[in-house]
Amino acid sequence: MAFLKTVCTTSTTLGRRALSVSCVRSTTHQNGYNFELNDTQKEYQAVARKFAREEIVPVAAHYDKANEFPHEIVKKAWTLGLNNLSIPKHCGGLEEKVFNFCLILEELSWGCTGISNAISPSGLGQSPVILAGTKEQQKKYLGRLVEEPLLTAYCVTEPGTGSDVNGVKTRAKKKENVLLGEGAGFKIAMGAFDKTRPPVACAATGIAQRCLDEATKYSLERKTFGVPIAHHQAIAFILADMAIGVETARLAWMKAAWEADNGIRNSYSASIAKSYAADVANKSASDAVQVFGGAGFNSEYPVEKLMRDAKIYHIYEGTTQIQKLVVSRSVIDATKSVA
């Protein structure tokens, strides 16, 4: 946790690739967008990128094959403060915005979404307490996460209930730990999803970026007819489509995160971002395997795992169909209101 606290006040020099276009709130134009990250955000991104490449990528295949939980990686991430950014300052956290958390999570997901999903779910588990807990409740439960490398979980899915959160049958006794008051649970759950769906979208974007990077690298190494296959139009167009998907998915999650940070209800944009980024991740993974050809099915290369990893983004935190239902209802309601 100490490292990212230091990043907030000082600058360190870390290698990084050129930044993709980014939408953040401008310091000079408070009511608009600025397509540039500030220095702190660049440092956050650089730290996460370095961690992904040096700590996650080298061991991702091992954990995938061994089916082990990456305890050591999670502890290292906790030491850097990569998994508890949203915890309020009065609990010892950084109280960072959704946008900044997403910057970090996209980089971690580039390394391996299996491992990033071991690091990041605490953000979802923390959200109801951050949104609706009293200061005493927050200190009691969130403060512990800053003091030791513990994980939280968000329990909402039941054997007979998944996307229909309103159909949950579990009942709680009013003994303690009630957030807001009796009957507020569904409202809190939906509010939490509005803040956590942009991070899911950014993680899917991280997969898509990795697919593009791996496919581009391979297409420059693999030669047919005496030239790299990247120079054949059939492959070049696949890479172009992947790049278009990555950039637009990134812009979608950035808007949803920006709205969340600025107190704008973002159910509509968050669902668009989650649905679209999931589609982009899956198409990018499929296209990457196509670029690799037969080698794409070989575990010697990373794209077969990327294809497996991408599918979950169509399912958890609300299926793609649920996201489209949210979007369609918003469109219909908006049209009715002006009819």
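The values are calculated or read from the model by the stated rules, or taken from the named source; none is laboratory data. Remember, predicted model here, so these are calculated numbers, not experimental data. With ideal geometry, Cβ positions are generated from the backbone for all residues, glycine too; neighbour counts draw on all protein chains shown.
Mind telling me which of the residues I115, I119, I104 ends up being touching a Phe, Trp or Tyr at 6+ places or on another chain (Cβ under 6 Å), in contact (Cβ under 8 Å) with a residue 40 or more places away in the chain, closer than 27 Å to Q209 by Cβ and among the β-branched types (V, I, T)?
Answer to the selection: I104.
Looking only at the stretch 279-331, which residues are of a type in the set (D, E) and either touching a residue at least 24 places away in the same chain (Cβ under 8 Å) or in a loop (DSSP other than H, G, I, E, B) (or both)?
Of everything in the stretch 279-331, those that are of a type in the set (D, E) and either touching a residue at least 24 places away in the same chain (Cβ under 8 Å) or in a loop (DSSP other than H, G, I, E, B) (or both) turn out to be D279, D287, E300, D309, E317.
Can you name every residue in the stretch 84-93 that is in a loop (DSSP other than H, G, I, E, B) and either in contact with an Asp or Glu (Cβ under 8 Å, 6 or more places away or on another chain) or farther than 18 Å from L151 by Cβ (or both)?
L85, S86, I87, P88, G92
Among residues belonging to the stretch 213-251 that are hydroxyl-bearing (S, T, Y) and in a helix (DSSP H, G or I), point out the one that is farthest from S286 (Cα to Cα).
T248
Which helices (runs of 4 or more DSSP H) does the stretch 105-200 wholly contain that include 1 or more residues that are modelled with pLDDT of 90 or more and either out of contact with any helix residue (DSSP H, G or I) (no Cβ under 6 Å at 6 or more places or on another chain) or surrounded by fewer than 18 Cβ atoms within 10 Å (Cβ to Cβ) (or both)?
On the way: elements: 113-119, 121-132, 135-147.
Fully inside the stretch 105-200 and qualifying: 113-119, 135-147.
Given the structure, is N100 polar (S, T, N, Q), part of a helix (DSSP H, G or I), surrounded by fewer than 20 Cβ atoms within 10 Å (Cβ to Cβ) and under 17 Å from the mean Cα position of the chain (by Cα)?
Values: polar (S, T, N, Q): yes; part of a helix (DSSP H, G or I): yes; surrounded by fewer than 20 Cβ atoms within 10 Å (Cβ to Cβ): no; under 17 Å from the mean Cα position of the chain (by Cα): yes.
No.
Identify the residue in the stretch 201-234 that is among the basic types (K, R) and over 28 Å from A260 (Cα atoms) and, among all such residues, is surrounded by the most Cβ atoms within 10 Å (Cβ to Cβ).
By that ranking, first place goes to R222.
With I244, I188 as the choices, which residue is more than 28 Å from E72 (Cα to Cα) and without any contact (Cβ under 8 Å) to a residue 12 or more places away in the chain? Write out each step before concluding.
On the way: I188 fails: without any contact (Cβ under 8 Å) to a residue 12 or more places away in the chain.
Within the list I244, I188, the selection yields I244.
Out of T9, T27, which single residue is modelled with pLDDT under 90, in contact with a strand residue (DSSP E or B) (Cβ under 8 Å, 6 or more places away or on another chain) and in a loop (DSSP other than H, G, I, E, B)?
T27
Looking only at the stretch 119-136, which residues are under 15 Å from L80 (Cα atoms) and hydrophobic (A, V, I, L, M, F, W, C)?
I119
Out of all the residues in the stretch 287-324, which are of a type in the set (A, V, I, L, M) and modelled with pLDDT under 95?
A295, I315, I322
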